[in-house]
Structure formats: structure tokens, C-alpha cells
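Structure first, commentary second.
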Amino acid sequence: MRISILGAGNVGSTLAAGLTKCGHDVVLGVRDPKKRPAAEGKLLSVKDAVQAADVIVLAVPWNSVPDAIKSAGDLTGKIVLDATNPLLPDLSGLDTPPGKSGGERVAELARVPVVKIFNTTGFQNMANPVYNGQAATMFYCGDDANAKSIAATLATDLGFEPIDAGPLKQASVLEPFALLWISLAHQQGLGANIAFKLMRR
């Protein structure tokens, strides 16, 4: 699968490395490729990276989302996997108006099918989501069945157990869920090597 990851931070770089190991054709789209170390992988401008891919993973800071999507140009025929979280700078809450999620805002800007995924855990778990032989759960949501199927396949490839959380409006649930992981890992001192698991009886 041809995948472009917009953003070369911890999340973007980790997803790129993992998906490349799974056999996917992955490029990283950044604002200025000349200013990034070559060791991070195949780097292109945002627009060039998008043109070379069928699936776009949005992994930039929340305040960079509008610029990233604008720089991407025409997204017709592509799908967007939204790994962002609309966090306030002090991590005290979410930077979204009542009743609106970051995922829905991404869909408004991109105007193509969007799946919220890879946002509810840290990049450490994206590198290795297996705990004592069990795959960590990766929740996702979206309105397009084909886009959700692709998202679930990529999560499985990385070693997660993907769980469909419903339509894209459920991003308003998954984004606070991400804030819970951040709080437990960093503010409550549990560390980044924790993950959520949906249990069945």
C-alpha cells in the first residue's frame, strides 16, 4: 500500500518505520525536507508526498493541521487517517468547541473520507503494541466502510487489535480517551509502557 505520513515527529516516524517493515511503500511529508535528517526515511514535501500515496496519515501537531491539509493540495480519491489530538497546550483539556471533535474538523478541511485512528496511545506502543502475548487495542472510527477497512488492516499489520468504535462523530469520545492515556502515563507516573485492552468474556 502507498502511504504518506504527514509529520516526522515521534508518532509519524514510528508509524513510518513500522509500516515500512510490514512491506508498505511509505514516505514522510514535511514542510521542508532539506531541514530534516536523511536518517528519518524517505522525505518529500507535503504536496509531493500526498501525490505519491493512496493513504494519508495525519500526524502533525493539532495547530499545524490546517496548514498541512492546505499544503497537501487536492486529496480527491485518497483517504486520511487522523492520528492527531486537539490538545490544549497545558494538556488540561481539548481545543474543540462543544459537540465537535478534531476528527470531524479534519474531515471538513480534507473533504475526503477520514478515519480517526492511532491517537489513543503513545508512539512507544506503535513500535511494539504487544504485552505478554496480547495485542493492545486500537480503537478507530469513521463514516466510510472502505476507509475503515484499510485503517483496521494497517493497525493489524502493526500488531494492534483494531476495534471499530463507530461513525466519525465517535472521535469526540476517542480524543478524551487519548487524554486519559496521556494523564495516566505522564501525570500519574505510570510511564509510557501502558496500553488499553478491550477484554471479552
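Could you order peptides 9-18, 144-153 by the average number of other Cβ atoms within 10 Å of their residues, highest first?
Packing proxy ranking, top to bottom: 9-18, 144-153.
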Percent RCO, i.e. relative contact order, over the chain, from Cα pairs under 8 Å lying at least 6 residues apart: 18 percent
Placed amide H near Ile163: partners under 5 Å, 5+ positions off or other chain: Met138, Phe139, Tyr140
Residue with peak Gaussian network fluctuation, the chain [Cα springs, cutoff 10 Å], from Lys34, Lys116, Lys21: Lys34
Correct choice for percent of Cα pairs over 29 Å apart that was computed from the model, options [x] 23; [y] 28; [z] 17: [z]
Total charge dipole magnitude, the range 108-165, about the Cα centre, Cβ charges on Lys, Arg, Asp, Glu only, Debye to nearest 20: 100 debye
Simple spin-label estimate for Asp25 and Ser64 in nanometres, 7 Å along Cα-Cβ: 2.5 nm
Residue-normalised accessible area of the range 61-201, given per residue in Å² at a 1.4 Å probe: 50 Å²
Helix-only [θ]222 nm of the chain, DSSP H runs n ≥ 4, -39500 (n - 2.57) each, per residue, nearest 500: -9500 deg cm²/dmol
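Using r as the Cβ-Cβ distance of Leu190 and Asn146, and R0 as 35 Å, what FRET efficiency do you calculate, to the nearest 0.05?
0.45
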Whichever lysines have a C-alpha closer than 20 Å to that of Lys35, once near sequence neighbours (fewer than 8 apart) are set aside: Lys47
Lys, Arg +1 and Asp, Glu -1 on Cβ, resulting dipole of the chain about Cα centre, debye, nearest 20: 200 debye
Long-range amide H partners of Val26 with built H, under 5 Å: Ile3
Net charge dipole size for the range 42-116 [Lys, Arg +1 and Asp, Glu -1 on Cβ; Debye, nearest 20]: 140 debye
HN-Hα J in Hz across the range 122-133 - Karplus 6.51, -1.76, 1.60, θ = phi - 60°, x for Gly and Pro: x, 5, 4, 6, 6, 6, 7, x, 9, 10, 6, x
Portion, in percent, of the accessible area of the range 32-149 that falls on carbon or sulfur, probe 1.4 Å: 50 percent
Karplus 3J(HN,Hα) series, Hz, for the range 64-81 with 6.51 cos²θ - 1.76 cosθ + 1.60 (x for Gly, Pro): 9, 4, x, 5, 5, 5, 5, 5, 5, x, 6, 9, 3, x, 10, 10, 10, 9
In Hz, Karplus ³J(HN,Hα) per residue of the range 43-58 (6.51, -1.76, 1.60; θ = phi - 60°; x = Gly, Pro): 10, 9, 5, 4, 5, 5, 5, 5, 5, 8, 10, 9, 10, 10, 9, 8
Rounded D (µm²/s) - the range 5-122, Kirkwood Rh over Cα pairs, Stokes-Einstein at 25 °C, 0.890 mPa s: 170 µm²/s
Cut-off under 5 Å, modelled amide H: who pairs with Asp82 long-range: Leu58, Val115, Lys116, Ile117
Within a Gaussian network of the chain (alpha carbon springs, distance under 10 Å), most fluctuating of Asp143, Asp32, Asp95: Asp32
Most mobile of Ile79, Ile69, Ile56 in a GNM of the chain (Cα contacts under 10 Å): Ile69
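The values are calculated or read from the model by the stated rules, or taken from the named source; none is laboratory data. Not measured: the values here are computed from a predicted model. Reconstructed Cβ throughout: ideal geometry from the backbone, glycine too, with neighbour counts over all protein chains shown. The protein model used for the area step is the full one, side chains on, heavy atoms only, and it has no ligands, DNA or RNA in it. Shrake-Rupley method; radii C 1.70, N 1.55, O 1.52, S 1.80 Å.
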